[in-house]
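The values are calculated or read from the model by the stated rules, or taken from the named source; none is laboratory data. All of these numbers come straight from a predicted model, not from anything done at the bench. Glycine gets a Cβ as well: all are built from the backbone with ideal geometry, and neighbour counts include every protein chain shown.
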Amino acid sequence: MKFLIALSLLVTSVASIASTRSIFDLQYLPKAGTLFGTTDASVTNTNIYLRTVKADNDANVIAQTVGFSVMDNLLLSVSANYLESSTKLSNSDTVRLRGLSDATVAGKFRVMDDAYIFDILADYLISTGDSEVNSAETRYDNKAGGGIANVAAQFGSKSADFQWAVLARFTRFFEATEKVSGSADNDSNAHNAYYVEGSTLMNLSFKDWKFKTTLFALSVDDYKDDSESNASVTEIGLAGEWQYVYSANLLARAGLGFTNTITDRIQQFNSWKFNVGATYQF
């Protein structure tokens, strides 16, 4: 009988911790009526070793998300980013990409919020038109040229000192069009991508400091456009992020990540990414 009572108290305690909502949660979902946002800035350096050409890419991104918790188990959000990217080829050519992305609308629905947490996520990038390429200046904009849909499921748990979560996501890239100045449009076929990640979050010995680790893998199907066949992509990465809980409504973040990408045409594709950001709620 004492064992059953102790087990019941343990389960109740874990469930109580799980049902609390904190701004640093891996599976962040604030209480109903909460307005929240995230602001992130990142710098990425990528070394690309093609079979005949070496390239170096530097990319700077500022991303913004604004959302609202409609109910305790449902939130809606919208996000966009601004990107500046420059790829220097070994033959002295430079390819530039710059501009504001299309907006992405997203939702998260909490199915389970007990000892374990289970969420369903979905989002859609709303294409506002074709992407554009200035072939004379080798300059691209930051438009996708077509819609992109994501559906994902995330499962995890948390205690007072430790959280973990796993996520699986399916992506559908719809047909896209790239307008090339002085040339015919370049149309890409629809194709799919598959993504999985595992994350942990632990308290550090310093007060109000936490550390998040993420291991992820991505696979993109091969597809064709009017100019060539694009090989499938396999990507794996590891990231770490330090977090400081300034208050119950403000979280500061800084992280570093490494990604390795392999395709049939690229012998080596290594990226280092440094990011800073904040999450806030009202």
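From the list ALA80, ALA18, pick out the single residue that is small (Gly, Ala, Ser), modelled with pLDDT of 95 or more and in contact with an Asp or Glu (Cβ under 9 Å, 6 or more places away or on another chain). Walk me through it before giving the result.
Numbers: ALA18 fails: modelled with pLDDT of 95 or more.
Unique residue meeting the criteria: ALA80.
Are any residues in the stretch 29-70 of a type outside the set (A, V, I, L, M, F, W, C) and not in a strand (DSSP E or B), and if so, which ones? Outline the logic, then answer.
Restricting attention to the stretch 29-70, the residues satisfying the condition of being of a type outside the set (A, V, I, L, M, F, W, C) are 30-31, 33-34, 37-40, 42, 44-47, 49, 51-52, 54, 56-58, 60, 64-65, 67, 69.
PRO30, LYS31, GLY33, THR34, ARG51, THR52, listed by residue number.
Report the residue count in the stretch 193-222 for those that are among the charged types (D, E, K, R), on the phi < 0 side of the Ramachandran plot and not in a strand (DSSP E or B). Break it down stepwise before answering.
Here is the first cut: in the stretch 193-222, the residues among the charged types (D, E, K, R) are 197, 207-208, 210, 212, 221-222.
From what is left, the residues that are on the phi < 0 side of the Ramachandran plot are 197, 207, 210, 212, 221-222.
Narrowing the set further to residues that are not in a strand (DSSP E or B) leaves 207, 221-222.
Total satisfying the criteria: 3.
On the basis of being among the aromatic types (Phe, Trp, Tyr) and over 22 Å from the mean Cα position of the chain (by Cα), does PHE206 make the cut? In short, yes. Taking the conditions (1) modelled with pLDDT under 95; (2) surrounded by 14 or more Cβ atoms within 10 Å (Cβ to Cβ) in turn, ARG169 satisfies each one other than (1).
Scanning the stretch 89-118 for residues that are over 27 Å from GLY146 (Cα atoms), out of contact with any helix residue (DSSP H, G or I) (no Cβ under 6 Å at 6 or more places or on another chain) and not aliphatic (A, V, I, L, M) yields SER90, ASN91, SER92, ASP93, ARG110, TYR116, PHE118. Taking each residue of the stretch 75-86 that is in contact (Cβ under 8 Å) with a residue 60 or more places away in the chain and looking for partners that are loosely packed, with under 15 Cβ neighbours inside 10 Å with beta-carbon atoms closer than 6 Å, six or more apart or interchain, yields TYR82/LEU100. Candidates SER42, SER85: the one that is at pLDDT 95 or above and either buried (at least 18 other Cβ atoms within 10 Å of the Cβ) or within 26 Å of VAL166 (Cβ to Cβ) (or both) is SER42.
Close Cβ contacts (under 8 Å, 6 or more residues apart or on different chains) running from residues in the stretch 18-40 that are without any contact (Cβ under 8 Å) to a residue 12 or more places away in the chain to residues that are of a type in the set (Lys, Arg) comprise ARG21/LYS31. Of the residues making up the stretch 148-164, those that are without any contact (Cβ under 8 Å) to a residue 60 or more places away in the chain and either of a type in the set (Val, Ile, Thr) or assigned to a strand (DSSP E or B) (or both) number 8.
Out of SER188, SER205, report the one residue that is crowded, with 16+ Cβ neighbours inside 10 Å and of a type in the set (S, T, N, Q).
Working: SER205 fails: crowded, with 16+ Cβ neighbours inside 10 Å.
Every option except SER188 fails the conditions.
Here is a yes/no grid of residues against (1) at pLDDT below 95; (2) of a type in the set (Asp, Glu):
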| position | (1), (2) |
| --- | --- |
| SER157 | no, no |
| ASP161 | yes, yes |
| ASN189 | yes, no |
| TYR194 | no, no |
| GLY198 | no, no |
| ASP225 | yes, yes |
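For the stretch 46-68, the set of residues classified as among the polar types (S, T, N, Q) and at pLDDT below 95 consists of THR46, ASN47, THR52, ASN57, listed by residue number.
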